[in-house]
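Reviewing the structure listed below.
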Ligand code: ATP
Ligand code: MG
């Protein structure tokens with residue numbers, strides 16, 4: 001006679017308690033609980049953060065929209081500026097961005113006020129987005145002949161913050177995968193650069209070029225810009241490669257890399273096809289929990305003065 005364990009309540013018997021999956025689930029449950037009681041303090045001013053990496057497909061847009069939604073879920077007002085002609089951030093936030101939609105293109109090229117293009121995401125009252133449209137694809141070329149071509153986004157954001165009644169706690173700028181004039185506009189407008197790094201082969205390739213560009217912007221256009229945060233994305237704990245990449249990045253940037261790593265997760269990749277962030281799509285999933293933890297870390301780290309700001 002066989003003794004059959006009930007498959008739907010494996011941990012009730014302790015039978016599966018020691019499997020990796022059971023450990024992972026138990027860990028997720030305790031992390032969700034910790035998030036429910038996490039203390040968060042919103043910034044007094046507006047933190048302007050550009051999410052950049054000239055490598056394509058490393059998780060810039062996913063990181064932008066999920067940080068935005070996670071921050072909004074703890075009460076922060078967040079404005080996402082979609083600076084990529086692909087419009088993926090607009091899509092993920094459920095914001096219409098057909099060719100005739102007033103967009104970031106009108107702001108940067110035509111000098112339209114940012115206030116006139118900002119839309120509220122259906123996900124949260126706290127979450128707004130300045131969408132991109134396909135017109136932005138031509139902006140790199142059109143910007144070349146414009147006056148103050150590197151400062152146009154900065155000027156628009158400053159005017160917006162001066163006039164808007166409730167200032168956002170965060171402005172997050174989603175950059176295209178290039179170091180062209182659109183990304184330079186983002187670097188000129190921001191206080192902080194957040195770099196997502198995919199835990200894959202060649203993760204660090206191109207990073208010195210990115211840091212070189214940030215250095216040039218600091219010298220010529222925006223002395224207060226700093227790389228404040230690095231986020232490891234698409235981490236697969238089962239592979240030695242992901243662990244090696246994470247260790248290597250941490251050894252190069254011990255102060256910047258968030259403790260939280262974003263796991264590779266099907267829920268994260270499915271969410272945009274529903275016009276949602278993973279926070280709205282499946283807020284209890286491992287990917288959503290990781291982005292919520294990362295957002296709490298971002299808030300906490302911002303509360304500490306940067307080493308260069310400290311006065312002894
Ligand atoms: P681009 O350079 O084209 O703008 P990107 O850097 O913005 O790309 P994303 O669009 O965010 O990168 O992500 C690239 C792909 O990887 C997308 O299909 C996205 O759904 C998927 N992806 C991102 N993060 C994760 C994750 N944690 N788990 C699973 N899939 C992910
Ligand atoms: Mg993108």
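Any idea what the relative contact order of the chain is, in percent, if you count C-alpha pairs under 8 Å spaced at least 6 apart?
23 percent
Taking every DSSP beta bridge that has both residues in the chain, what percent is antiparallel when rounded to the nearest 5?
For the chain, the DSSP antiparallel bridge percentage is about 5.
On a 0 to 90 degree scale, rounded to 10, what angle separates helix 20-36 from the longest Cα axis of the chain?
That helix lies at roughly 50 degrees to the long axis.
Could you tell me the relative contact order of region 134-194? Use alpha-carbon pairs under 8 Å, at least six residues apart, and round to a whole percent.
47 percent
How high is the relative contact order of region 185-312, in percent, counting Cα pairs under 8 Å that sit 6 or more residues apart?
In percent, rounded to a whole number, it is 21.
Would you mind checking the tilt of helix 286-303 against the longest principal axis of the Cα atoms of the chain, expressed as 0 to 90 degrees and rounded to 10?
50 degrees
Per residue, how big is the convex hull of region 10-166 when only Cα atoms are used? Give it in Å³.
152 Å³
Give or take rounding to whole Å, what are the principal axis extents of the alpha carbon atoms in region 191-312, in descending order?
43, 29, 27
What fraction of the DSSP beta bridges in region 153-312 is antiparallel, stated in percent and rounded to the nearest 5?
Within region 153-312, antiparallel bridges account for around 0 percent of the total.
Which order do 247, 165 fall in if you start with the one that has the fewest other Cβ atoms within 10 Å?
165, 247
Please report, largest first and rounded to whole Å, the three semi-axes of the ellipsoid equivalent to the chain, where each semi-axis is the square root of five times an eigenvalue of the C-alpha gyration tensor.
They are 36, 22, 19 Å, listed from largest to smallest.
How far, in degrees from 0 to 90, does helix 60-73 lean away from the longest principal axis of the Cα atoms of the chain, to the nearest 10?
The angle comes out near 80 degrees.
Any read-out appearing in this document is the output of simple, stated calculations on the displayed coordinates, not a laboratory observation. No experiment lies behind these values; they were computed from the predicted model shown. No Cβ is skipped: glycine too gets one built from the backbone with ideal geometry, and neighbour counts run over all protein chains shown.
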